[in-house]
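What follows is a set of notes on a single structure, which appears directly below.
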Amino acid sequence: LSHFDKSELDEIINIKNQVDLPVWCMAIGANRAELNENALKTAEFAIKYGFNYSERIHIRLWSDKEGV
């Protein structure tokens, strides 16, 4: 969230308003610790701008375990 450009956010909002499609946000996280660090900020961002939040359930359940 700290790396987005305001003009990019404005563009996303303009497109969303023109086509009336939902926008989904997903927190960055390659393991459970990273996901925990970013999930709340991402959800709050989504709420603030009227977007949807989606969880990385495979990371939440198995962290960075391969083959699941």
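The values are calculated or read from the model by the stated rules, or taken from the named source; none is laboratory data. In this text, all values refer to a predicted model and were calculated from it rather than measured experimentally. Glycine also receives a Cβ, built like all others from the backbone with ideal geometry; neighbour counts cover every protein chain displayed.
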Looking at region 1-35, which of its residues are assigned to a loop (DSSP other than H, G, I, E, B), farther than 30 Å from residue 62 by Cα and of a type in the set (A, V, I, L, M, F, W, C)? 21
All-but-one check, residue 11 against (1) surrounded by 11 or more Cβ atoms within 10 Å (Cβ to Cβ); (2) touching a residue at least 12 places away in the same chain (Cβ under 8 Å), failing number (2)
Scanning region 36-56 for residues that are outside any helix (DSSP H, G or I) and among the small types (Gly, Ala, Ser), the one nearest to residue 68 (Cα to Cα) turns out to be 54
Just the residues that are exposed (fewer than 13 other Cβ atoms within 10 Å of the Cβ) and either among the hydroxyl-bearing types (Ser, Thr, Tyr) or under 22 Å from residue 9 (Cα atoms) (or both), please, taken from region 50-66. 50, 52
Report yes if residue 8 is at negative phi, at pLDDT below 95 and either of a type in the set (Asp, Glu) or in contact with a Pro (Cβ under 9 Å, 6 or more places away or on another chain) (or both), otherwise no. yes
Can residue 60 be described as touching a residue at least 24 places away in the same chain (Cβ under 8 Å), touching a Gly at 6+ places or on another chain (Cβ under 7 Å) and among the charged types (D, E, K, R)? no
Top-ranked residue in region 16-32 [being over 9 Å from the mean Cα position of the chain (by Cα) and surrounded by fewer than 12 Cβ atoms within 10 Å (Cβ to Cβ); ranked as farthest from residue 64 (Cα to Cα)]: 18
Taking region 35-44 and keeping only residues that are touching a residue at least 12 places away in the same chain (Cβ under 8 Å) and farther than 17 Å from residue 4 by Cβ, one is left with 35
